[in-house]
Amino acid sequence: MSDKELWQFSATELLAGYKARRFMPSDALAAVMRRIGQVDARLNAFLAFDVERAKTAATEADAAWASPGTAPALCGVPISIKDTIEVEGMPTTYGSLAFKDNRQADAEMVTRLRKAGAVILGKTNTPEFALGAHTVNRLGPSTKNPWDLSRTSGGSSGGAAAAVASGMGPVALGTDSGGSIRLPAAYQGIYGLKPSYQRIPSVQSWRASPGRSHNGPITRTVADAALLMRVLAKPDPRDADSMAFAPTDFADYAKMSIAGARIAIARHSDDDCGLDDVQRGLLADASRYMTAQGCRVSEADMPVRPGGDELEPGVWAYSGDHFGAAEALIPGFWAKHEANLTDYARPIYAAGQRALAWQYRNVLRRNQAFKLAVQQWFADYDYYVGPCCGAAPLGNGTNTPEERLKNLRYLMPLNFSHNPAAAVPFARSAEGLPLALQVVGKAGADVAVLALSAAIEAARPWSDAWPSL
């Protein structure tokens, strides 16, 4: 038996323990729930729990492991779900006071998790409508960073990342429409994968970021991310974009060698890009490591996405998408709930009512041209390795547009190009805070991103590093 406590086990380790009959899913659930009771009051990672259903799922998983035959792929694994993803039996608030009593059926992602035997713990905190680089809303206290409670958890999957980073479940499901998986994972020293666009289909009632939002895993290990991808990343005819992918075994990442891989390391010669000396040092260190592994490393920058994201002054390009998603669930949404909105969401939803379709189409055409330019650029490379973000800043900001751009500037372009990208823990700041690299692959090359991430994980393991809560 490992010296680790059960709440510290990865999903892969839990499954191995169940198979060997060293412990059972009910034991793991009890350990995780105790951990939640010990630390969540300080972190505010969760918005809701469904304890009785979780206990029932764990008991059913106990029986499955005790019976002859093969247990489902995630049988007995505790998992949390970001509260922008709909889960039956709990409110789905999308981080908004306007939806505090909203009830929906399971999203397709959740249906797949249940069929695979996962034990759903609860819904994790998010900024309102996932509109922020900090997890703060009007539903309750903001989410804190377990490495330093005075610092931000990031956003918008901040609650999901805080839960995994602090041992309140080994894995979580998040979303990323501008860096929302990668930023909080990087700030909190865990692995965050933004798969290729719609590799995990989006089939649910609310969808405010079509064309930009990627569903993905937040985990303590690369192996756990691959485990979740094997369950979740399958096409669904209700999401046409998901039908573009051929069947893939994400476990194949463990068989891949990175020797000979063509890797572009970010040069960022533009002095205005904000790349500081710490990030330059990380990239230089990564370059030396990958060269030693037999990779062909050169300095190069990805294409730059031109133009801003305003249709006209004060009208964010995607405000109409957001307003339409709310209106579809609550007709007359603005008149009924303007007063419930946060100061950062209210201007976006006000602007969404006057967003013009012809201007939006121009933005979509520009984004499509950028996506094509990135795919052509990748003809010469297998990977791009660049900055992710700095160490988590102090406080929980106000989620102004300026803050979002500052925090997400290295991450957001990959949501428009649709490439798979991951935040990979790599070092520590002078204050002992996690620092990460961003690993990007060709469109559809999710397995390759897992492979390079695993090679970095082998050299710089992070899964056994725990904050001192």
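Read the figures in this text as sums done on the coordinates, not as results from a lab. Everything quoted here is computed from the prediction, not taken from an experiment. Positions of Cβ are generated from backbone atoms using ideal geometry, with glycine treated the same way; all protein chains shown enter the neighbour counts.
Sort 8-20, 128-140 for me by packing, meaning the mean count of neighbouring Cβ atoms within 10 Å per residue, highest on top. Intermediate results must be reported in sequence, preceding the final value.
Working: 8-20: 19.5, 128-140: 26.2.
Packing proxy ranking, top to bottom: 128-140, 8-20.
Could you order the peptides 24-30, 382-388, 248-254 from most to least packed, using the average number of other C-beta atoms within 10 Å per residue?
Most protected by this proxy first, the peptides run 382-388, 24-30, 248-254.
When the Karplus curve 6.51 cos²θ - 1.76 cosθ + 1.60 is applied with θ = phi - 60°, which whole-Hz ³J(HN,Hα) does each residue of segment 9-15 get, with x for Gly and Pro?
These are the phi-based 3J(HN,Hα) values: 6, 6, 4, 4, 5, 4, 4 Hz.
Under 8 Å for C-alpha pairs, at least 6 residues apart: give me the relative contact order for segment 243-309, rounded to a whole percent.
Relative contact order, segment 243-309: 45 percent.
Name the residue farthest towards the positive end of the dipole of segment 1-155 from the options Leu74, Ala48, Ala16, assuming +1 on Cβ of Lys and Arg, -1 on Cβ of Asp and Glu, about the Cα centre.
Farthest towards the positive pole: Ala16.
Run the simple label-point estimate for Glu310 and Trp466 please: 7 Å along Cα→C-beta, distance reported in nm.
Distance between label points: 4.9 nm.
Using Cα positions and a limit of under 16 Å, work out the aspartates and glutamates in reach of Lys406, with same-chain residues fewer than 8 apart set aside.
Asp270, Asp271, Asp272, Asp276, Asp309
Can you list residues whose amide H is under 5 Å from His214's amide H, if they're 5+ apart or on another chain and H is modeled 1.01 Å from N?
Correct list: Asp176, Ser177.
Taking 0.36 nm per residue of separation and subtracting the Cα-Cα distance, what length does fully extending Val51 through Lys336 add?
Values: separation 285, 0.36 × 285 = 102.60 nm, distance 3.23 nm.
Length gained between Val51 and Lys336: 99.4 nm.
What number, in percent, do you get for the relative contact order of the chain if the mean sequence gap of Cα pairs under 8 Å and at least 6 apart is divided by its residue count?
It comes to 17 percent, rounded to a whole number.
Please turn the phi angles of segment 426-442 into ³J(HN,Hα) values with the Karplus equation 6.51 cos²θ - 1.76 cosθ + 1.60 (θ = phi - 60°), one per residue in order, whole Hz, x for glycine and proline.
9, 7, 10, 6, 4, 8, x, 8, x, 10, 9, 9, 10, 9, 10, x, 4
Check which residues have an amide H placed less than 5 Å from Phe426's amide H, if you skip close sequence neighbours.
Here Leu435, Ala436, Leu437 satisfy the definition.
With the cut-off at 20 Å, tell me which of the pairs Lys55/Lys100; Lys82/Lys371; Lys4/Lys123; Lys82/Lys144; Lys371/Lys442; Lys144/Lys336 have Cα atoms farther apart than that.
Lys55/Lys100; Lys82/Lys371; Lys4/Lys123; Lys144/Lys336
With a point put 7 Å past each Cα toward its Cβ, work out how far Ser257 is from Glu5 in nm, to one decimal.
4.3
Where both partners of a DSSP beta bridge lie in the chain, what percent of those bridges are antiparallel, to the nearest 5?
Around 70 percent of the beta bridges assigned by DSSP in the chain are antiparallel ones.
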